[in-house]
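Below you'll find the structure, written out as structure tokens, and then a few comments.
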Amino acid sequence: MKFTFKNLGPVDGAELELGDFTIISGRNNTGKTRIVYALYGFMTTFTALVAEKAELFCESHFQKVARLSTLDIVDKLRTEGGVEWQVAKEVLMEEQNRLIQDVTREYSDFGISQVFNTPKSEFRNASLEAELRIDLPATGRITLNIRKDLDLSIRYDQGAFSLRLTGTASASDDIVESFILKSSLERLCTFFFLRDPFERRMKPFILSSARHSIPLFINELDYVRSQVMRAVQQKEDGQNGGADQSSDPLKNVSRYAQPIHDNIDFVRSIPANAEKHNNIPQNILSGGIEAMMDGRFTSINGALRFTAYGNHKLSFDIPLHLASSSAWEMSGLYFFLGYLKGNDQISFLIIDEPESHLDAENQVMLARLLARLVNSGTKVLITTHSDFILREINNLIMLSGAYDENEKGIEEFGYEERDKLNPSQVEAYYAKNGTLVPCDWDQFGIEMPVIDETTESLNKTGSELATRIIRKSKRSSHAV
């Protein structure tokens, strides 16, 4: 999947192709967060966008390929049980691309500003384009169950396109109302072209840059929400003849971008999910977080807690808001891995700056955990400034070339087979001058100039300063 972003704040124009593991680095204020937020918003609203464009698209599509209106086809389905026509696969592919363009244009015009929860004027010329590469089968059949005794199906076979209404009910049964059949037809047709790629194959979950603050302020956020709902109710009562005690109940409500809003809802859902499973994580990868934090996270009576293990000088169990910033930081990923990772729909994880509040060793451990997540089938996208994460990713890439499968010796560096990353799994970019620059890579890893240049500069400066100190020391000793 390939995406193009234009006029997105500091991003003039950038292309992003997703790999199994996608990495974006770059200096501050170069548009990395804007890109991932816009991408996340598109993926989460994709199905709704398709549904919104379905009626107009299907009307023009059927007129083009069958010389029939949508209602003409509905009438034929009701009276004859089916309709068919000839259409080349190339034409269908052109129509698929047109539908994708319709959807991305709708998102660019209205969706981007909604994702950032800001006036449209802030993103007047912003756009997202998508190259989804969804194959259309040479032959195949898709069926939609309209109700218990009636199915609508599309069949395409080497140029023959047919629609059929089948079941125990009569096709002309008055119960089958035209508008129900019409909406079902539009839904099935758009599904034929796009197959809901994000809803069924890449539904995303994001840990936003504000995630570490949410557990700390969740009670205050819920209090504000309850006050707003109370004020709205009072306003409605006032409009119905009661006392209006609030001129504008939403006046002081903060604006959150959609990823932050979704993170807040996720944190609200954690206690119910954790306590449903008796605080037993449902995925072993959450153990990686426990190893990093030397403790675990739980929910007791709706309150999130952090329990340090006994190998501390003093083990303890405290409310999460009293724990360290690193604990807040990792709690979201822990609960995602433990209680949402098993959801087949969630197969794409986005983390904005995963290194926040982590020491160097934990950043290295996190890189390994993300590699294991990728190798378990979840696609991952991160933005990062961490040299430690990037160095470890390069080590994991070299690990795949240094050892054959099941070859002994991999343990000497503390690695496991599931830590290996094939370079073909990784797509890496750095944000610079209003665009995304693809990183070069080989069997030794990826090159990240924005970090490598800074590291080389620091090393050069340090070496020069050390040399001057040595020279000064020698001059002083000679003078004595």
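The values are calculated or read from the model by the stated rules, or taken from the named source; none is laboratory data. Computed from a predicted model, the values in this text were never measured in an experiment. Cβ sites come from the backbone with ideal geometry, for glycine too, and all protein chains shown count toward neighbours.
Every residue, every condition in (1) exposed (fewer than 14 other Cβ atoms within 10 Å of the Cβ); (2) of a type in the set (V, I, T); (3) in contact with a Pro (Cβ under 8 Å, 6 or more places away or on another chain), yes or no:
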position: W85; (1), (2), (3): no, no, no
position: T104; (1), (2), (3): no, yes, no
position: I112; (1), (2), (3): no, yes, no
position: F116; (1), (2), (3): no, no, no
position: E122; (1), (2), (3): yes, no, no
position: S127; (1), (2), (3): no, no, no
position: L132; (1), (2), (3): no, no, yes
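Each residue in segment 443-461 was checked for being exposed (fewer than 11 other Cβ atoms within 10 Å of the Cβ) and either modelled with pLDDT of 85 or more or not in a helix (DSSP H, G or I) (or both), and 5 of them qualify.
In segment 122-144, the residues that are in contact (Cβ under 8 Å) with a residue 40 or more places away in the chain reach residues that are assigned to a loop (DSSP other than H, G, I, E, B) and not hydrophobic (A, V, I, L, M, F, W, C) with C-beta atoms within less than 9 angstrom, at least six apart or across chains, in these pairs: F123/G9; A126/G9; I134/R195; A138/Q158; I142/R195. Look at segment 278-296: where a residue is over 14 Å from Y339 (Cα atoms) and a partner is buried (at least 19 other Cβ atoms within 10 Å of the Cβ) and polar (S, T, N, Q), sitting 6+ places away or on another chain with Cβ atoms under 8 Å, you get M292/N362. Taking (1) surrounded by fewer than 17 Cβ atoms within 10 Å (Cβ to Cβ); (2) closer than 20 Å to P137 by Cα; (3) not aliphatic (A, V, I, L, M) in turn, F62 satisfies each apart from (1).
Within segment 104-132, the set of residues being more than 18 Å from the chain's Cα centre (by Cα) and of a type outside the set (S, T, N, Q) comprises R105, E106, D109, F110, P119, K120, E122, F123, R124, A126. Scanning segment 28-51 for residues that are crowded, with 20+ Cβ neighbours inside 10 Å and not in a helix (DSSP H, G or I) yields T30, G31. Among the residues of segment 356-414, those that are outside any helix (DSSP H, G or I), over 20 Å from P438 (Cα atoms) and of a type outside the set (G, A, S) comprise H357, L358, D359, T378, Y403, D404, E405, N406, E407, K408. Against the list (1) more than 19 Å from I350 (Cα to Cα); (2) buried (at least 17 other Cβ atoms within 10 Å of the Cβ); (3) within 23 Å of the chain's Cα centre (by Cα); (4) modelled with pLDDT under 90, the condition K235 fails is (3).
Put simply, of L304, L285 the only residue that is under 14 Å from W328 (Cα atoms) and either of a type in the set (S, T, Y) or in contact with a helix residue (DSSP H, G or I) (Cβ under 8 Å, 6 or more places away or on another chain) (or both) is L304. The set of residues in segment 254-268 being in a helix (DSSP H, G or I) and either without any contact (Cβ under 8 Å) to a residue 60 or more places away in the chain or within 14 Å of G338 (Cα to Cα) (or both) consists of I260, I264, D265, F266, V267, R268. Out of everything in segment 1-27 that is of a type in the set (G, A, S) and either assigned to a strand (DSSP E or B) or touching a strand residue (DSSP E or B) at 6+ places or on another chain (Cβ under 7 Å) (or both), what residue ends up being farthest from E427 (Cα to Cα)? Among residues in segment 1-27 that are of a type in the set (G, A, S) and either assigned to a strand (DSSP E or B) or touching a strand residue (DSSP E or B) at 6+ places or on another chain (Cβ under 7 Å) (or both), the one farthest from E427 (Cα to Cα) is G13. Could you say whether any residue in segment 148-157 is surrounded by fewer than 12 Cβ atoms within 10 Å (Cβ to Cβ) and more than 30 Å from V36 (Cβ to Cβ)? Within segment 148-157, one or more residues are surrounded by fewer than 12 Cβ atoms within 10 Å (Cβ to Cβ) and more than 30 Å from V36 (Cβ to Cβ).
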